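These notes are about the structure you will find just below.
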């Protein structure tokens, strides 16, 4: 798999969230990670090959909840956690699609979304996450929390629909977030809490 073309972005959120580790997912890196793997991560070529036989997680297998939320430096971070509700393992890899909804009548807004990564090359921007029954994966959404150009608060999101990576169905969730026009979406990782910052745009 070719490394995505990236451009450097100077924005980071810093330590916005306290990482609360809950549930165990097996994360299979496409290439070896430089950091020591945690109990939520396994990074071996043999295990990467084994994931090919694991089915992709469909929306019928998953639930989603809004987890940690934080604001700092004019930006917000919202973590979403996915849980495997089925009796068998399934896999996720890459970036979910997030569409925000108007509060009434619940139609999609024209909010722009962009993909970001949470590491730097030569690491792959995303990994394969194998979810055993009842185990969890998560991803972060970032954005501005105030309209500095017009010096006013941004409209509030009341709900969103999430399409997990490589699936066609959608999961709807009630969530309150500022909508300043652009949301930054991080890839899915194993575990109930995601990383606290993003590093680069991914095209």
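The values are calculated or read from the model by the stated rules, or taken from the named source; none is laboratory data. Keep in mind the model is a prediction, meaning the values are calculated, not measured. With ideal geometry, Cβ positions are generated from the backbone for all residues, glycine too; neighbour counts draw on all protein chains shown.
Hey, does the range 110-128 have a residue that's touching a strand residue (DSSP E or B) at 6+ places or on another chain (Cβ under 7 Å), without any contact (Cβ under 8 Å) to a residue 24 or more places away in the chain and within 20 Å of residue 67 (Cα to Cα)?
no
Within the range 162-184, can you find the residues that are touching a strand residue (DSSP E or B) at 6+ places or on another chain (Cβ under 9 Å) and surrounded by fewer than 17 Cβ atoms within 10 Å (Cβ to Cβ)?
Here is the first cut: in the range 162-184, the ones touching a strand residue (DSSP E or B) at 6+ places or on another chain (Cβ under 9 Å) are 162-167, 169-184.
Selection gives 163, 166, 169, 170, 172, 173, 174, 176, 181, 182.
So is residue 92 at pLDDT 95 or above, within 15 Å of the chain's Cα centre (by Cα) and more than 26 Å from residue 54 (Cα to Cα) or not?
Details: at pLDDT 95 or above: yes; within 15 Å of the chain's Cα centre (by Cα): yes; more than 26 Å from residue 54 (Cα to Cα): no.
No: the conditions fail for residue 92.
So, in the range 120-155, exactly how many residues are in a strand (DSSP E or B) and closer than 30 Å to residue 60 by Cβ?
Residues that pass the stated criteria total 12.
Do you know which residues across the range 71-99 are surrounded by fewer than 20 Cβ atoms within 10 Å (Cβ to Cβ), free of Cβ contacts under 8 Å to residues at least 60 places away in the same chain and outside any loop (DSSP other than H, G, I, E, B)?
Passing the criteria: only 72.
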